[in-house]
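Undergrad: Below is the structure I would like to discuss, written out as structure tokens.
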Amino acid sequence: MESKYPYKALYKYIPSRYGDLEPWQQKNQRTVLDFKEGKVREIDLKRIATKIRKLAWRPDDNWVIGFVPAHTNEDTVKRFSLLAGYLKDNLSIPVCLDSIHNYEDYDPVHTKGENTFKLHSFIRSHFEGKNVILIDDIITSGKSFRTIGDKLMYIGALSIHGVIFAMTIHPDKPVKEGYNRTLK
């Protein structure tokens, strides 16, 4: 997945529709699905915080952390509340869980819904003139991440850097150069 905004992913995620998975793939899949339910392991909280510290190592660069909303506001809160709380307690970077939200719920693209990103609202003052670390759960096509990044830039963000919990891997599609940007 090409992106105009740099990002790193913690895990490789293979959707269950691919059937038989190796044990490590099953473990990653369970970890990712748990994350989507708001269950984040301590080790993953620490890994995410460490990656953010590496991105935002100069505190005078005016950083802020935002989240790509889920398809419902309820799911956004469920998915990211624990992580947002951890980051607030352990980093000296403002964390804005409620600064990007949906005007209304929508069906996600991966379930054949029509993803209408025009329905997101932003609290401009939280992002204007700031470098944004944008956190997302899973990146597949990258459309959500790019669209939110574009809108943040439009309202005055200085830069967008992504920390993605998992990147979808399709075993039946060739991997392009630069596609797998998984964190080590």
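The values are calculated or read from the model by the stated rules, or taken from the named source; none is laboratory data. Keep in mind it's a predicted model, so treat the numbers as computed, not measured. With ideal geometry, Cβ positions are generated from the backbone for all residues, glycine too; neighbour counts draw on all protein chains shown.
Undergrad: Which condition from (1) more than 16 Å from A166 (Cα to Cα); (2) outside any strand (DSSP E or B); (3) not acidic (D, E) is the one that L45 breaks?
TA: Looking at each condition in turn, L45 falls short on (1).
Undergrad: Cβ-Cβ below 9 Å, separation at least six or inter-chain, first residue in the stretch 2-13 and within 12 Å of D137 (Cα to Cα), second modelled with pLDDT under 90 and of a type in the set (S, T, Y): which pairs?
TA: K8/T182; A9/T182; L10/T182; Y11/T182; K12/T182; Y13/T140
Undergrad: Report yes if T140 is polar (S, T, N, Q) and at pLDDT below 85, otherwise no.
TA: Criteria not met by T140.
Undergrad: Being among the charged types (D, E, K, R) and surrounded by 13 or more Cβ atoms within 10 Å (Cβ to Cβ) is the filter; apply it to the stretch 67-104 and report the residue that is modelled with the highest pLDDT.
TA: K88
Undergrad: Residues being among the small types (G, A, S), touching a residue at least 40 places away in the same chain (Cβ under 8 Å) and not in a loop (DSSP other than H, G, I, E, B): count how many of those fall in the stretch 120-149. Steps first, answer last, please.
TA: Step one: list which residues in the stretch 120-149 are among the small types (G, A, S), which gives 121, 125, 129, 141-142, 144, 149.
In the following step, the residues that additionally are touching a residue at least 40 places away in the same chain (Cβ under 8 Å) were identified as 129, 141-142, 144, 149.
Filter once more, keeping what is not in a loop (DSSP other than H, G, I, E, B): 144, 149.
Counting residues in the stretch 120-149 that are among the small types (G, A, S), touching a residue at least 40 places away in the same chain (Cβ under 8 Å) and not in a loop (DSSP other than H, G, I, E, B) gives 2.
Undergrad: I would also like to ask the following. Could you list, in sequence order, the residues of the stretch 7-53 that are on the phi > 0 side of the Ramachandran plot and either touching a helix residue (DSSP H, G or I) at 6+ places or on another chain (Cβ under 6 Å) or modelled with pLDDT of 95 or more (or both)?
TA: Once the filter is applied, which keeps residues that are on the phi > 0 side of the Ramachandran plot and either touching a helix residue (DSSP H, G or I) at 6+ places or on another chain (Cβ under 6 Å) or modelled with pLDDT of 95 or more (or both), the stretch 7-53 yields only G38.
Undergrad: Test each condition in (1) assigned to a helix (DSSP H, G or I); (2) within 21 Å of H126 (Cβ to Cβ); (3) of a type in the set (A, V, I, L, M, F, W, C); (4) touching a Phe, Trp or Tyr at 6+ places or on another chain (Cβ under 6 Å) for L87 and report the one that comes out false.
TA: For L87, the exception is condition (4).
Undergrad: If you check V40, V32, which single one turns out to be touching a residue at least 40 places away in the same chain (Cβ under 8 Å), in a loop (DSSP other than H, G, I, E, B) and either farther than 21 Å from L134 by Cβ or hydrophobic (A, V, I, L, M, F, W, C) (or both)?
TA: After ruling out the rest, the residue left standing is V40.
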